[in-house]
Amino acid sequence: MKSKSTELVRATNEGLYCEQGDFYIDPWRPVSRALITHAHSDHARWGSGEYHANVKCAPLLNLRLGADLPLKTYKAGEKFKMGDTWVSFHPAGHILGSSQVRIEYQNKVWVASGDYKRTPDPSCDPFEVVPCDTFISEATFALPVYKWDPGEVTAAKIFEWWQSDQDRPSLLFCYALGKAQRILAELSRLTDRTIYIHGAVETLTQIYRDAGIKMLPTSLVQNHEKGYGFKGDLILAPPSAHRSPWMKRFKDPQTAFASGWMLVRGTRRRKGYERGFALSDHADWNELNQTITETDASTIYLTHGRTDVLQKYLQEQGKEVKLFHTEYEAEEEAS
Ligand SMILES: [Zn+2]
Ligand SMILES: [Zn+2]
């Protein structure tokens with residue numbers, strides 16, 4: 001017997017490590033064997049010897065980490081052996097291919113959530129509740145103040161903002177992987193107009209199209225000649241393009257940012273956007289609590305975000321709550 005430890009996952013300098021299976025989950029340093037929950041840059045890092053992920057995650061990982069990535073893929077729910085453990089990936093509802101990792105060893109089950117949400121999202125598979133003894137949950141937006149509207153409500157607000165000024169270009173900034181495609185999918189219920197996109201959004205959007213996600217038609221901004229004004233058009237671009245020379249071609253645009261952080265007034269003003277739309281791909285306070293309850297786990301580990309308030313709240317309900325220090329970011333500045 002390799003280990004007498006009852007812990008199936010522990011935090012190390014390299015990342016969350018499962019000794020019984022000899023693998024890491026979303027390691028932040030190169031390791032021999034990495035299981036990847038999703039393709040955001042703080043979860044999927046370069047340099048590991050072997051990568052294992054859900055099959056829908058593969059094109060995104062190949063784009064970001066290389067076409068020759070040593071990657072093995074699995075269907076959702078497919079069980080495979082890792083060391084002395086059985087492992088499977090289950091949808092997390094965060095972005096295309098995003099998965100929770102279920103680990104079974106002897107008679108114990110641990111689930112690592114990765115990033116997740118419960119709010120319906122037409123651009124990825126919905127979160128699956130996976131019963132477990134121990135649940136490792138993200139806690140990015142773990143304060144009661146965070147409560148999301150349904151995506152279609154926020155999409156309707158974005159549509160209204162865009163339609164309200166047809167004399168100017170409408171520049172909507174959002175993360176290039178996940179958020180942009182979700183907006184394109186949500187808006188396809190309201191219009192069939194073509195949306196203009198920044199180059200950083202293009203290949204990622206094509207991967208979503210290839211995966212069968214229904215989105216609005218898109219056209220690359222850079223394919224239009226210099227004099228083209230984009231009057232009355234909606235343009236999606238990553239936050240890194242805000243106030244960059246790229247913006248110069250748009251005459252007097254109205255600007256907005258779509259992110260969960262936009263729920264808190266002040267963030268928008270600080271970042272210099274005229275409007276903010278609270279659209280998040282993470283669980284809000286209620287979703288976190290609902291999920292933790294539904295997994296029926298008696299022990300909870302919390303990662304990234306505001307862990308303190310949620311920890312106290314869960315402890316008051318008699319749950320055992322521990323923290324993992326990780327190097328994941330609060331919300332990806334993916335580009
Ligand atoms: Zn993420
Ligand atoms: Zn994350």
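The values are calculated or read from the model by the stated rules, or taken from the named source; none is laboratory data. This structure is a prediction, so every number in the text was calculated from the model and none was measured. In this analysis, Cβ positions are derived from the backbone assuming ideal geometry, glycine residues included, and neighbour counts consider all displayed protein chains. Just the protein is used for accessible areas: all its heavy atoms, side chains included, with ligands, DNA and RNA removed. Shrake-Rupley method; radii C 1.70, N 1.55, O 1.52, S 1.80 Å.
Residue by residue, here is whether (1) within 16 Å of ligand 2 (Cβ to nearest atom); (2) over 25 Å from V130 (Cα atoms); (3) more than 16 Å from the chain's Cα centre (by Cα) holds:
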{"site": "H40", "(1), (2), (3)": "yes, no, no"}
{"site": "A44", "(1), (2), (3)": "yes, no, no"}
{"site": "E50", "(1), (2), (3)": "no, yes, yes"}
{"site": "G66", "(1), (2), (3)": "no, yes, yes"}
{"site": "G77", "(1), (2), (3)": "no, no, yes"}
{"site": "G83", "(1), (2), (3)": "no, no, yes"}
{"site": "S88", "(1), (2), (3)": "no, no, yes"}
{"site": "G93", "(1), (2), (3)": "yes, no, no"}
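From E152, E104, E160, E128, grab the single residue that is at pLDDT 95 or above and part of a strand (DSSP E or B).
Result of the check over E152, E104, E160, E128: E104.
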**Request:** Return yes when W261 is open to solvent by 20 Å² or more (accessible area, probe 1.4 Å) and within 16 Å of ligand 2 (Cβ to nearest atom) and no when it is not.
**Result:** yes
**Prompt:** Which one of these does Y175 not meet: (1) within 16 Å of ligand 2 (Cβ to nearest atom); (2) outside any loop (DSSP other than H, G, I, E, B); (3) over 18 Å from N286 (Cβ atoms)?
**Reply:** (2)
**Message:** I'm trying to understand the selection: among the residues of the range 297-335, which are modelled with pLDDT under 90 and part of a loop (DSSP other than H, G, I, E, B)?
**Reply:** R306, H325, T326, E327, Y328, E329, A330, E331, E332, E333, A334, S335
**Message:** Out of the strands (runs of 3 or more DSSP E) lying entirely within the range 10-83, which hold 2 or more residues that are buried (at least 19 other Cβ atoms within 10 Å of the Cβ) and hydrophobic (A, V, I, L, M, F, W, C)?
**Reply:** 16-18, 23-25, 33-35
**Item:** Single unsatisfied condition, G305 versus (1) at positive phi; (2) more than 16 Å from ligand 2 (Cβ to nearest atom); (3) open to solvent by 10 Å² or more (accessible area, probe 1.4 Å)
**Value:** (2)
